[in-house]
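A.B. asks: Quick one: the structure is below, questions incoming.
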C-alpha cells in the first residue's frame, strides 16, 4: 500500500466526515507538505490577527477605534462631499476696476486721470483736482492743479512717480502741438508769460554723481540717499504735485486753494455790493 493510501485510510478512521471532504480536494495530500488541513492559514497571518486583536484590547479608554470607511461612504464617491469641497475652495482674486474720474473733471484731463490711477507709485484714492481758474479767475498762472500721494511703502519711489508724470505731460504737449500745427514742432504753445517751454520738475534733489558714490563706498558705505517727500511737474496749464502722506498734511495744498477761493468770493461779493451788483472787471 502506498503512503497516500495509508494517509487516506488513517484520516477516514479518525474523522470520517472531514476525510470525505478532504479526499476530494486537490490539497488533501501534498507530497511536500507536512501540515494538516487546519494549517492552511499561514503563521504570518495568524500572528497578524493575534497582534491586531491584542492591540485593540490594549487601547486606552479615551482612544476610540475608528471603523474603516466602507467604499460606499468614501468621500471620493459622494457627490455631496465633492460639491461642498468645490464650494469651499477660495475664489480667485479679482482686480478692482480703476477709479473713474470726477464728474466735474473736463474730458481733456481724463487721459491724465487714467495715467495717474494706473501708476504703481500713486494711491488712486488720494488723487485730487483743483480748478485754479475757478478759485482765482484771471490771476492764476495755471488752469488745473493735481495733488497725489505716494502709496504706503512706496515713499522712496517719488522720483519714479514724478518722472512718469513728466514723460506723460511731454507726450501730451507734443501731440497737442502736432494736432494743431503739424509743421511747427515747437512745444512752447502756451500764451502765459511764465509758462515753461517743456514740463519741468521741481523738488527732487540732484542724484549723486558717480564720483560721489564711489567715494562714499570707499569710506565704508556712506549714505547717498536722495529721498525727498515732495516734487512738482509744471506743464504750464497743468501742475501736478506728488508727495508723501506726511508731506501732504504739512503743505495742505488743497486747504490753501480753498482759502484762495473763499477770499476771492468775499472780494467778489464786496465789489457787487459797492457797485450795485455789477460784475467785477
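Just so it is clear, none of the values below were taken in a lab; they were calculated from the coordinates. For clarity, every value in this text was computed on a predicted model and none was experimentally measured. Cβ atoms come from the backbone with ideal geometry, glycine included; neighbour counts cover every protein chain shown.
A.B. asks: Taking neighbour Cβ counts within 10 Å as the exposure measure, how do 116, 122 sort from fewest upward?
C.D. replies: On the way: 116 26, 122 22.
Ranking 116, 122 by Cβ neighbours within 10 Å, fewest first, gives 122, 116.
A.B. asks: Kirkwood Rh, the range 102-158, all Cα pairs: how many Å? List each step's numbers first, then the result.
C.D. replies: Details: mean 1/r = 0.0798 Å⁻¹.
Result for the range 102-158, one decimal place: 12.5 Å.
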